[in-house]
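A.B. asks: Let me give you the structure first, and then I'll get to my questions.
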């Protein structure tokens with residue numbers, strides 16, 4: 001079921017989850033670069049949608065879920081930036097840290113590479129803007145509404161993120177050229 | 001360069017998305033989480049449009065507005081705050097009502113005027129000499 005079909009359709013919450021889980025999980029992974037954390041954040045987003053399901057059902061519940069998810073991811077990224085290397089506090093986080101230290105196989109990241117490294121290094125909001133624009137295909141206005149910021153701020157975040165990407169990618173190309 | 005970067009990012013996300021899937025277990029986990037959070041809230045959209053639920057809020061809002069308007073009207077109606085001072089009741093009918101010059105607005109208790117007092121008999125009216133004891137001993141002149 002596409003996003004347009006979900007919007008305005010008479011569906012149950014279970015149908016909504018089935019239809020949107022894949023899309024929203026990918027969005028979450030691109031935002032936090034951690035499959036387990038992405039699932040946790042998406043679960044919280046679905047719980048919030050469930051609480052307001054009657055109000056959201058005839059509107060655009062996916063947009064609301066995405067909004068909650070993106071803002072949770074931004075908060076989580078900020079928290080991790082402030083305290084790098086510390087567990088987030090949930091049992092899942094502790095299990096994840098234990099797995100990492102014991103050398104157990106981790107869930108593979110979707111795409112590892114230079115571009116991923118550059119995207120991961122971006123500040124939380126800049127990364128969110130890039131994900132919403134190039135993965136979710138949202139307009140500037142929709143991004144502004146999702147993040148609760150002005151269109152001008154969206155533009156400036158995009159410009160800064162693109163400048164950082166261009167700089168890093170240009171460096172990579174130059175290094176490749178020298179080699 | 002900008003278009004190249006746009007295309008690169010879109011392609012990057014599309015390729016990465018192919019490797020991320022929400023399995024049945026994950027989807028069930030999300031569904032269960034939502035159901036546990038708000039078990040009574042699920043259902044079809046039709047349930048929302050029941051007339052009783054649809055009109056509850058407007059009716060409550062209307063009742064509240066009416067109550068506020070009544071309260072404001074009672075409090076701020078002209079003259080509601082400074083009522084007329086209590087006026088004395090008309091004094092009971094008296095045989096010789098004396099004209100009074102007092103302002104009617106002043107709440108005073110009716111003061112008996114001179115005309116209402118017990119008249120003292122004067123000598124000219126009665127014509128009777130007043131008995132004056134000439135001496136303390138009767139018969140002595």
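A.B. asks: Would you call residue A:76 away from chain B (no Cβ under 12 Å), in contact (Cβ under 8 Å) with a residue 12 or more places away in the chain and buried (at least 19 other Cβ atoms within 10 Å of the Cβ)? Write out each step before concluding.
C.D. replies: Working: away from chain B (no Cβ under 12 Å): yes; in contact (Cβ under 8 Å) with a residue 12 or more places away in the chain: yes; buried (at least 19 other Cβ atoms within 10 Å of the Cβ): yes.
Here the answer is yes, as residue A:76 does meet what is asked.
A.B. asks: If you don't mind, another one. For the structure I just gave you, tell me whether residue A:5 is surrounded by fewer than 18 Cβ atoms within 10 Å (Cβ to Cβ), at the interface with chain B (Cβ under 9 Å from one of its Cβ atoms) and either modelled with pLDDT under 80 or closer than 15 Å to residue A:131 by Cβ (or both). Steps first, please.
C.D. replies: Details: surrounded by fewer than 18 Cβ atoms within 10 Å (Cβ to Cβ): yes; at the interface with chain B (Cβ under 9 Å from one of its Cβ atoms): no; either modelled with pLDDT under 80 or closer than 15 Å to residue A:131 by Cβ (or both): yes.
It is false that residue A:5 is surrounded by fewer than 18 Cβ atoms within 10 Å (Cβ to Cβ), at the interface with chain B (Cβ under 9 Å from one of its Cβ atoms) and either modelled with pLDDT under 80 or closer than 15 Å to residue A:131 by Cβ (or both).
A.B. asks: For segment A:30-44, state whether one or more residues are at pLDDT below 95 and not in a helix (DSSP H, G or I).
C.D. replies: Yes: segment A:30-44 contains one or more residues that are at pLDDT below 95 and not in a helix (DSSP H, G or I).
A.B. asks: What are the residue pairs meeting all of these: first residue in segment A:126-148, first residue within 13 Å of chain B (Cβ to nearest Cβ) and in contact (Cβ under 8 Å) with a residue 12 or more places away in the chain, second residue outside any helix (DSSP H, G or I) and surrounded by fewer than 21 Cβ atoms within 10 Å (Cβ to Cβ), Cβ atoms under 8 Å, and 6 or more apart or on different chains?
C.D. replies: Going by the 8 Å Cβ cut-off, the qualifying pairs are A:130/A:122; A:132/A:138.
A.B. asks: Specify the residue that is farthest from residue A:11 (Cα to Cα); the eligible residues are those in segment A:41-50 that are within 10 Å of chain B (Cβ to nearest Cβ) and surrounded by 21 or more Cβ atoms within 10 Å (Cβ to Cβ). Don't jump to the end; show me each part of the working.
C.D. replies: Pass one, segment A:41-50, residues within 10 Å of chain B (Cβ to nearest Cβ): A:42-50.
Okay, now just the ones that are also surrounded by 21 or more Cβ atoms within 10 Å (Cβ to Cβ), so A:42, A:45-46, A:49-50.
On the way: A:42: 19, A:45: 18, A:46: 15, A:49: 13, A:50: 13 Å.
Ranking the qualifying residues of segment A:41-50, first place goes to A:42.
A.B. asks: I'm checking my understanding of the structure. Among residues of segment B:31-64 that are at pLDDT below 60 and part of a loop (DSSP other than H, G, I, E, B), which one is farthest from the other protein chains (Cβ to nearest Cβ)? Walk me through how you get there before you give the answer.
C.D. replies: Step one: list which residues in segment B:31-64 are at pLDDT below 60, which gives B:40-51.
Now restrict to residues that are part of a loop (DSSP other than H, G, I, E, B): B:42-44, B:50.
Numbers: B:42: 5, B:43: 7, B:44: 5, B:50: 11 Å.
So the residue we want is B:50.
A.B. asks: Restricting to segment A:14-40, give me the number of residues that are touching a helix residue (DSSP H, G or I) at 6+ places or on another chain (Cβ under 7 Å) and more than 7 Å from chain B (Cβ to nearest Cβ). Show your work before the answer.
C.D. replies: Let us first name the residues in segment A:14-40 that are touching a helix residue (DSSP H, G or I) at 6+ places or on another chain (Cβ under 7 Å), namely A:14, A:16-21, A:24-33, A:35-40.
From the residues that got through so far, the ones that are more than 7 Å from chain B (Cβ to nearest Cβ) too are A:16, A:19-20, A:24, A:27-28, A:31-33, A:35-38, A:40.
Qualifying residue count for the region: 14.
The values are calculated or read from the model by the stated rules, or taken from the named source; none is laboratory data. Since the structure is predicted, the reported quantities are computational estimates derived from the model, not experimental observations. Glycine also receives a Cβ, built like all others from the backbone with ideal geometry; neighbour counts cover every protein chain displayed.
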